[in-house]
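To keep things clear, I will list the structure first and then write my remarks on it.
Values in this text are rule-based calculations from the coordinates and carry no lab data. Note that the coordinates shown come from a computational prediction; the quantities given were computed from them, not determined experimentally. Don't worry about glycine lacking a Cβ; one is built from the backbone with ideal geometry, like all the others, and counts go over all protein chains shown.
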């Protein structure tokens, strides 16, 4: 694996782990405050975002150093895959598994905070 791909994949892993950590923190708070089912919903919400970010990053960085057309196709494919994952996962969480919506959405938002921290974190 070349240097560019290795750095890209490390960034993806770092962001996904920070998002999972934020989801765990919020899930623990919901677990203590509202119970196990709310804690599970918050954790699932965070995992939805973390897995979506991982899918996005791995798909987008797969070409490595390439031409503009290749990178544009990779970017569009990554965004489409991420949003498809969000729609399917949220449908399953809310409609199929009947998780409470408020903790799930708070978990989603908390994991998004992990994304921003992962991008500005010093290397």
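Each stretch of four or more DSSP H residues adds -39500 (n - 2.57); spread over every residue of the chain, this sum gives -29500 deg cm²/dmol at 222 nm. Using Cα atoms only, what is the angle between the long axis of helix 3-34 and the major principal axis of the chain, expressed in degrees (0 to 90) to the nearest 10? That helix lies at roughly 10 degrees to the long axis.
Remark: relative contact order (the stretch 1-69) = 41 percent; criterion is Cα-Cα distance under 8 angstrom and separation of 6 or more residues. Estimate the FRET efficiency between residue 73 and residue 11 by the formula 1/(1 + (r/R0)^6), using the beta-carbon distance for r and 22 Å for R0, to the nearest 0.05. The pair residue 73/residue 11 has a calculated efficiency of 0.60. Ordering 14-24, 86-96 by mean Cβ neighbour count within 10 Å, with the highest value first, yields 14-24, 86-96. Modelled spin labels at residue 58 and residue 4, positioned 7 Å past Cα toward Cβ, are 2.1 nm from each other.
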